[in-house]
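Participant: Just dropping this structure here.
The values are calculated or read from the model by the stated rules, or taken from the named source; none is laboratory data. Please read these numbers as outputs of a predicted model, since none were measured by experiment. All Cβ positions, even for glycine, are placed from backbone atoms using ideal geometry, and neighbour counts span all protein chains on display. All accessible areas refer to the heavy atoms of the entire protein, side chains included, with ligands and DNA or RNA removed. Shrake-Rupley method; radii C 1.70, N 1.55, O 1.52, S 1.80 Å.
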Amino acid sequence: MKKQIEDLGSIEITDNDYGPCTVAVRLVDGNVWMTQSQIARLFGVYEATVQNNLRAACRVSIRRNAPFTL
(Lines give C-alpha, C1' and ligand atoms only; values in the text may rest on other atoms or scores of the structure.)
Protein backbone atom coordinates (compact mmCIF):
# COMPACT_ATOMS: atom_id res chain seq x y z
CA MET A 1 0.00 0.00 0.00
CA LYS A 2 1.46 3.37 -1.04
CA LYS A 3 1.14 6.36 1.25
CA GLN A 4 -0.15 9.47 -0.42
CA ILE A 5 1.81 12.69 0.05
CA GLU A 6 -1.04 14.10 2.20
CA ASP A 7 -0.49 11.29 4.72
CA LEU A 8 3.08 12.37 5.53
CA GLY A 9 2.37 15.30 7.85
CA SER A 10 3.27 18.93 7.32
CA ILE A 11 4.93 21.99 8.80
CA GLU A 12 3.51 25.42 8.06
CA ILE A 13 5.26 28.60 9.18
CA THR A 14 3.40 31.86 8.81
CA ASP A 15 5.37 35.09 9.13
CA ASN A 16 3.51 37.98 10.66
CA ASP A 17 4.68 41.59 10.19
CA TYR A 18 2.87 42.67 13.36
CA GLY A 19 4.00 40.02 15.84
CA PRO A 20 5.63 36.62 16.25
CA CYS A 21 5.35 34.03 13.51
CA THR A 22 3.13 31.00 13.97
CA VAL A 23 4.16 27.39 13.45
CA ALA A 24 1.61 24.66 12.75
CA VAL A 25 2.77 21.02 12.67
CA ARG A 26 0.55 18.13 11.60
CA LEU A 27 1.97 14.77 12.69
CA VAL A 28 1.07 11.41 11.21
CA ASP A 29 2.01 8.50 13.48
CA GLY A 30 4.27 10.92 15.38
CA ASN A 31 6.27 11.84 12.26
CA VAL A 32 6.62 14.55 9.65
CA TRP A 33 8.24 13.57 6.35
CA MET A 34 9.77 16.28 4.17
CA THR A 35 11.77 16.28 0.96
CA GLN A 36 15.20 17.91 0.86
CA SER A 37 13.66 20.68 -1.21
CA GLN A 38 11.00 21.34 1.43
CA ILE A 39 13.60 21.38 4.22
CA ALA A 40 15.76 23.82 2.25
CA ARG A 41 12.79 26.13 1.69
CA LEU A 42 11.81 25.89 5.37
CA PHE A 43 15.27 26.98 6.57
CA GLY A 44 16.06 29.33 3.67
CA VAL A 45 19.13 27.41 2.45
CA TYR A 46 20.17 25.63 -0.74
CA GLU A 47 19.23 21.97 -1.28
CA ALA A 48 22.94 21.12 -1.47
CA THR A 49 23.35 22.44 2.09
CA VAL A 50 20.58 20.16 3.32
CA GLN A 51 22.02 17.21 1.41
CA ASN A 52 25.53 17.77 2.81
CA ASN A 53 24.26 18.06 6.38
CA LEU A 54 22.09 14.95 6.09
CA ARG A 55 25.04 13.03 4.66
CA ALA A 56 27.27 14.17 7.55
CA ALA A 57 24.63 13.19 10.14
CA CYS A 58 24.27 9.79 8.52
CA ARG A 59 28.05 9.23 8.59
CA VAL A 60 28.17 10.05 12.31
CA SER A 61 25.37 7.59 13.08
CA ILE A 62 27.15 4.87 11.09
CA ARG A 63 30.40 5.49 12.97
CA ARG A 64 28.56 5.33 16.29
CA ASN A 65 26.64 2.23 15.16
CA ALA A 66 23.41 4.05 16.02
CA PRO A 67 20.15 4.38 14.09
CA PHE A 68 19.89 7.41 11.84
CA THR A 69 16.89 9.53 12.76
CA LEU A 70 16.27 13.26 12.61
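Participant: Any idea what the dipole of the chain comes to, in debye rounded to 20, about its Cα centre with Lys/Arg Cβ at +1 and Asp/Glu Cβ at -1?
Facilitator: 580 debye
Participant: Something else about it: Please determine, in degrees from 0 to 90 and to the nearest 10, the orientation of helix 47-63 with respect to the longest principal axis defined by the Cα atoms of the chain, where the helix direction is its Cα long axis.
Facilitator: So the inclination is approximately 40 degrees.
Participant: Over 19 Å, how big is the tail of the calculated P(r) for the chain, in percent of all Cα pairs?
Facilitator: 52 percent
Participant: OK, next. How would you rank 58-65, 45-52, 16-23, highest first, on the average number of other Cβ atoms within 10 Å across their residues?
Facilitator: Values: 58-65: 10.1, 45-52: 13.1, 16-23: 7.2.
Highest-to-lowest ranking by the protection proxy: 45-52, 58-65, 16-23.
Participant: Let me ask something else about it. Given a Förster distance of 25 Å, report the FRET efficiency between L54 and C21 from their Cβ-Cβ distance, rounded to the nearest 0.05.
Facilitator: 0.50
Participant: I would also like to ask the following. Could you do me a favour and compute the accessible area per residue for the chain, 1.4 Å probe, result in Å²? Don't jump to the answer; show the numbers that get you there.
Facilitator: Numbers: 6280 Å² over 70 residues.
Result: 90 Å² of accessible area for each residue.
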